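The structure appears right after this line, and notes come after that.
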Amino acid sequence: MNYVSVENIAKAFGERILFENISFGINEGQKVGFVAKNGTGKTSLLNIIAGDEEPDSGQVVYRKNLKVAFLSQEPNLDPNLTIEQTIFASDNETLQIINAYEKALQNPDDAESYQKAFEQMDAFNAWDFETQYKQILFKLKLDNLTKKVGDLSGGQKKRLALANILLSKPDLLYLDEPTNHLDLEMIEWLEEYFAKENFTLFMVTHDRYFLENVCNEIVELENGKLYSYKGNYAYYLNNKEARIANEQIATDKAKQLYKKELDWMRRQPKARTTKSKSRIDDFFEIKERAHKRRNDHQVQLEINMERLGSKILEIHKVSKRFEDLVLLDQFEYVFKKGERIGIIGKNGTGKSTFLNMITGGVTPDQGKIVTGDTVKFGYYTQRGITIKEGQKVIEVIREFGDYIPLKKGRQISAQQLLERFLFDRKKQYDFVEKLSGGERKRLYLCTVLIQNPNFLILDEPTNDLDIVTLNVLENFLLDFPGCLLVVSHDRYFMDKIVDHLFVFQGNGIIQDFPGNYTDYRIYENSSTPTEVSKSENSESKTKKTWKKDNKAGLSYNEQKEFNRIERDLKKLEIEKKDIESLFAQGTLEGDQINEESQKLQQIIDKIEENEMRWFELSEKIEE
């Protein structure tokens, strides 16, 4: 069943054409991910089909009586309402019934109103929906229902808007970067929710795991044209590569034919027949195909880096709290050369505060942070670039100099550097306030990197960056020889660039985990017993049972030992790979080689010992 038909729409801003003659449809049950580079019209297209913006030409036709909801990046909520009032302001009939029931509970003397509300709850089967509504608010950390919208942070407002549209049960849901302002736990919950619920979705997101696990179609806007791929993100990557290869073959063939036809054109007399005129028309079409070029310029990052000394960054028994909220408690760590550490944890556990303490923006309550003399921080914050009124893009870069040093003693001009960050000469003279959100983030990234840092600190660097820029940034960071400390909820990004995690668990507890995000999730799932709900209320406490799996044949203590061995083996394998990679790099010398060799042998011995015991216990399970 067709929900929406987009017919020949076009959009331009002055001489800049975003797209023209775009047509496609959205059908019931589709979960479409929309992909495009920053500044090419993603948000404009989304706003047009959502009805918040008019196209220059063409039209968007909706099926009659279709219920549509739109989650924008800047939700429009009434600041005077509470969280609960905002939820119940929805036109969802079931929510209105739940609201009436909640009010009836507050007036126990009015038996008639209570009975009527109770019967309505039964008639509309609202009991299950009430549980679901409370669960959604709980998962999105919107516990204080009496808090006013005007007192919420930007992230809380985005989560409230998300909860609101999920509960409104629309037929079609438009989402603009739905995972921004969600922590990893929330993202994984939302991913599972969309995968199992019967929503029709059209979304813009840079979260590649989200695209992979939720979407059944990817639509890409490239050079003003739409390309559709009937599959998830992995299917899109494979088939895009095949499409580009086929286009190149077609272009090569057109070039050969063009040379032949060009020779014919030059030999033709002035007086031409009708037949030759037809061939002339074909010639110009062939010429267009032959001269077709892909605009595949990518961000090129090869900025110089200051040398790191032996002493980098030392954190000694650091504590920090805000009133009753404990963020760090006697935390200690000594950074080594080339470390690539990711920071994960729920919102409000102190991740950004930790980064600000390292860079001197926040003072610890106790302990000290010692920074090496050769360390030069590059700090990419969530605040982004500071926009000065009337400032042009080129002027932002020229504040750091007309010429920027690169590797091997080379240098480039500010204009050339901006071109490497996909700002063409015309774009460089645009006012910064005219840039899209993603373009501003790309410009901000440029200003951080041109200062030649050797210790990069990135706080949510993936927000608003397009997938193309993310891929290039990841490749740059993989080759970056300095230290890297990154906070991100982008699981794909974290898996690719970090090999070590600080897990902020709340109440000042920070777990030091040797591995990337997927390693951590595997470890966590293997070590967390099955959770059994104690009550139907989603906010109720959960209790854990020691029976992780049905391992008949093992005693209680043996099963605990079996689970511990599985955890230890995963951790030992990660430690073994880390040491083996050090030998592969060839940077170890003298005593270091002997020391690391001894460590490696001890780890191998422990692995063999644990494996022997694991097999003994496994035999008991099979019996």
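The values are calculated or read from the model by the stated rules, or taken from the named source; none is laboratory data. As the structure is a prediction and not an experimental result, all values here were calculated from the model. Every residue, glycine among them, receives a Cβ derived from its backbone with ideal geometry; neighbour counts consider all protein chains shown. Remember, those area values only see protein heavy atoms, side chains included, never the ligands or the DNA or RNA. Shrake-Rupley method; radii C 1.70, N 1.55, O 1.52, S 1.80 Å.
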* To do: Just tell me which aspartates and glutamates come within less than 12 Å, Cα to Cα, of Lys434; anything on the same chain fewer than 8 places away is out.
  => Glu389
* **Relative packing of peptides 361-368, 490-497 - highest average C-beta neighbours within 10 Å first** => 490-497, 361-368
* Asked: Can you list the HN-Hα couplings for the range 135-150, worked out from phi with the Karplus curve (6.51, -1.76, 1.60; θ = phi - 60°), rounded to whole Hz and with x for Gly and Pro?
  -> 5, 4, 5, 5, 5, 8, 6, 10, 7, 7, 5, 8, 6, 6, 4, x
* If you average the sequence gap of Cα pairs under 8 Å that are 6 or more apart and divide by the length of the range 1-113, what percent do you get for the contact order? -> 25
* Just the Cα atoms of the range 45-112, one point each, no solvent: what log10 I(q)/I(0) does Debye give at q = 0.14, 0.18, 0.23 Å⁻¹? -> -0.67, -0.89, -1.10
* Check each of the GluC sites (Glu not before Pro) in the range 399-486 and keep only those in coil by DSSP with at most 14 other C-beta atoms within 10 angstrom; list them in order. => Glu399
* Give me the number: length gained by fully extending Arg521 to Tyr403, i.e. 0.36 nm times residue separation minus the C-alpha to C-alpha distance, one decimal in nm. => 38.0 nm
* **Coordinate range along principal axes, alpha carbons of the range 377-490, Å, largest first** => 34, 34, 23
* With the other protein chains left in place, how much accessible area per residue, in square angstrom, belongs to the range 86-234 at a 1.4 angstrom probe? -> 42
* Structure fact -> Computed ³J(HN,Hα) along the range 127-134: with the Karplus parameters 6.51/-1.76/1.60, θ = phi - 60°, integer Hz and x for glycine or proline, the list is 5, 5, 5, 5, 4, 5, 5, 5
* Report the full-extension gain for the segment Phe13 to Lys148: residue separation times 0.36 nm, less the Cα-Cα distance, to one decimal in nm. => 44.8 nm
* Point-charge dipole on Cβ atoms (K/R +1, D/E -1) for the range 129-207, about Cα centre, debye to 20 -> 400
* Using a probe of 1.4 angstrom, how much of the accessible area of the range 130-193 is carbon and sulfur, in percent? -> 45
* Asked: Among residues other than Pro178 whose Cβ falls under 11 Å from its Cβ, what is the net charge (Lys/Arg +1, Asp/Glu -1)?
  -> -2
* Charge sum, other residues only, whose C-beta stays under 15 Å from Glu28's C-beta, Lys/Arg counted +1 and Asp/Glu -1 -> +2
* To do: Calculate one ³J(HN,Hα) per residue across the range 13-24 by plugging θ = phi - 60° into the Karplus curve 6.51 cos²θ - 1.76 cosθ + 1.60, and present them in order as whole Hz with x for glycine and proline.
  => 10, x, 7, 8, 8, 7, 6, 8, 6, 8, 9, 6
* Treating the Cα atoms of the range 129-251 as identical point scatterers in vacuum, please give the log10 of the normalised Debye intensity I(q)/I(0) at q = 0.10, 0.13, 0.19, 0.22 Å⁻¹, two decimals. => -0.40, -0.62, -1.07, -1.33
* To do: Sequence neighbours fewer than 8 away in the same chain don't count; with that in mind, list the aspartates and glutamates whose C-alpha is under 15 Å from Lys147.
  => Asp78, Glu84
* Which links in Lys42/Lys64; Lys134/Lys158; Lys31/Lys67; Lys64/Lys225 stretch past 19 Å when you go from one Cα to the other? -> Lys42/Lys64; Lys64/Lys225
* Order these peptides, 307-313, 59-65, by their mean beta-carbon neighbour count within 10 angstrom, highest first. => 307-313, 59-65
* Structure fact -> Taking placed amide H atoms and a strict 5 Å upper bound, the residues 5 or more places from Glu217 or on another chain that come that close are Lys31, Gly33, Gly231
* Asked: Taking Lys317 as the anchor, which aspartates and glutamates have their alpha carbon closer than 17 Å to its alpha carbon, excluding any fewer than eight residues away along the same chain?
  -> Asp329, Glu332, Asp365, Asp512
* Asked: Among 606-617, 88-99, 453-464, what's the highest-first ranking by average C-beta atoms within 10 angstrom per residue?
  -> 453-464, 88-99, 606-617
* Asked: Hey, rough spin-label estimate for Thr587 and Asp365, points 7 angstrom out along Cα→Cβ, what's it come to in nanometres?
  -> 3.6
